[in-house]
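Read through the structure below, which is laid out as structure tokens, and then see the notes.
All of the numbers you see were taken from the coordinates with simple rules; none came from a lab. Just so it is clear, the structure is predicted and the values come from calculations on it, not from any experiment. Counting neighbours? That spans all protein chains shown, and the Cβs are built from the backbone with ideal geometry, glycine included.
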Amino acid sequence: QKLIMVLHLVGLGLGDEKDITVKGLETIRRCTKIYLEAYTSILGVGLSMDTEGGGKGLAKDRLEAYYGHEIIVADREMVEGAAESIIEEARTAEVAFLVVGDPYGATTHADIALRARQMGVEVNVIHNASIMNAVACCGLQLYTFGQAVSIVFFTDEWKPDSFYDKIKVNRQAGLHTLCLLDIKVKEQSIENMARGRAIFEPPRFMTINQCVEQLLYIEDLRKEKVYAEDTICVGLARIGQPNQRIVSGTMKELLDVDFGGPLHSFVIPGEVHFMEKEYLDSFRIQNKDQP
């Protein structure tokens, strides 16, 4: 009998357990083992996930109920340290690796696919929506976006500004910049890490307000006029969920907007076409009809 050797990378979309494609659902239901990657992003229903208790929270329960299968939550340690053992399991069975958004939305998942192929394991990818394409809901056209940037939480000792140069290149070319905001799930403090204590910090999700503060801090430091307090930008919260919110305004205005719960994203527009401007204006901070 021929052994089934398939590792399925299945995109879950952005909202909840029902965002999965029909093909993705059929694949999951015939797999013998299912992993849910839970550190590069989290489903809207996953924000109540008990990251210290192995993910036994609302997200895991809802996904298991809908998919009809037990799910193993794969945290950062498992994904980065035990990926080869997951791939090894796909030598004799069908294994699904579930990814929020699209499977190729993070370098981590491309690395897993590459390693699986190098180990002689077939890889099947089932795509889905991610923030990389859903961001167009703010009215800016996808083909006029430049390189996306990651905005990480600043610390007292570490305030990286590599994103600034990328935004500068995009702005000079008239291209929009999607800023992907930091999430911290199952992270350890430096002290606990040094002492080898398995104690984890509470999950943290960067807000649009924090993102704008950090962007303006670096502009004030670099003074290259890449953007300013009066630059019109767009804040996006919980895209793909029923309570998503989109607000455009100056950076200064957006500092004071309450966007609600995570996950948040941020866009710095480049040159704006008249139709894009009309769409953006419908989300303007003083527009009472905005969602």
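Against the main long axis of the alpha-carbon atoms of the chain, helix 58-67 sits at an angle near 60°. Put a plus charge on the Cβ of each Lys and Arg, a minus charge on the Cβ of each Asp and Glu, and nothing anywhere else: the dipole of the chain about its Cα centre is then about 520 debye. Electrostatic tally near TYR35: other residues with Cβ closer than 12 Å to its Cβ, Lys and Arg +1, Asp and Glu -1, net -2. Note on GLN118/THR32: beta-carbon distance plugged into 1/(1 + (r/R0)^6) with R0 of 25 Å gives a FRET efficiency of 0.65. Extending 7 Å from the Cα toward the beta-carbon at both GLU271 and ARG76 defines two label points whose distance is 4.0 nm. Electrostatic bookkeeping for TYR67 treats Lys and Arg as +1 and Asp and Glu as -1; over the other residues with beta carbon under 13 Å from its beta carbon, the sum is -1. Full extension of the chain between GLU278 and GLN141 yields a length gain of 48.1 nm, computed as 0.36 nm times the residue separation minus the alpha carbon distance. Annotation: extensible slack from ALA194 through ASP220 equals 5.9 nm (criterion: 0.36 nm per residue apart, minus Cα-Cα distance).
In this label model, THR107 and ASP230 are separated by 3.8 nm, measuring between points 7 Å along each Cα→Cβ vector. For the chain, the spread of Cα coordinates along the three principal axes comes to 65, 48, 35 Å, biggest extent given first.
Here region 120-155 and region 67-83 have alpha carbon centers that stand 22 Å from each other.
Applied to region 166-175, the Karplus parametrisation 6.51 cos²θ - 1.76 cosθ + 1.60 on θ = phi - 60° returns per-residue 3J(HN,Hα) values of 5, 5, 4, 4, 4, 5, 5, 8, x, 9 Hz, with x for Gly and Pro.
Computed on the chain, with alpha-carbon pairs under 8 angstrom and 6+ residues apart, the relative contact order is 19 percent.
Amide H contacts under 5 Å for ARG284: SER248, restricted to partners 5 or more places along the chain or on a different chain, H placed in the peptide plane at 1.01 Å from N.
Annotation: peptides 228-240, 103-115, ranked by per-residue average of other Cβ atoms within 10 Å with the highest first, follow the order 228-240, 103-115. Take 261-272, 128-139 and order them by the average number of nearby Cβ atoms within 10 Å per residue, most first; the result is 261-272, 128-139. Extension gain, GLU89-HIS69: 0.36 nm per intervening residue step, less the Cα-Cα distance, totals 5.5 nm.
Secondary-structure-derived ellipticity at 222 nm for the chain, considering helices only, amounts to -8500 deg cm²/dmol, per-run term -39500 (n - 2.57) for DSSP H runs with n ≥ 4. Using the average count of surrounding beta-carbon atoms within 10 Å as a protection proxy, the listed peptides 208-220, 77-89 rank, highest first, as 208-220, 77-89. DSSP beta bridges fully contained in the chain are about 45 percent antiparallel.
For CYS233, what residues show an amide H to amide H distance below 5 Å, using hydrogens built from the backbone and excluding near sequence neighbours? Counting only residues 5 or more places away or on other chains, the set is GLY249, THR250, MET251.
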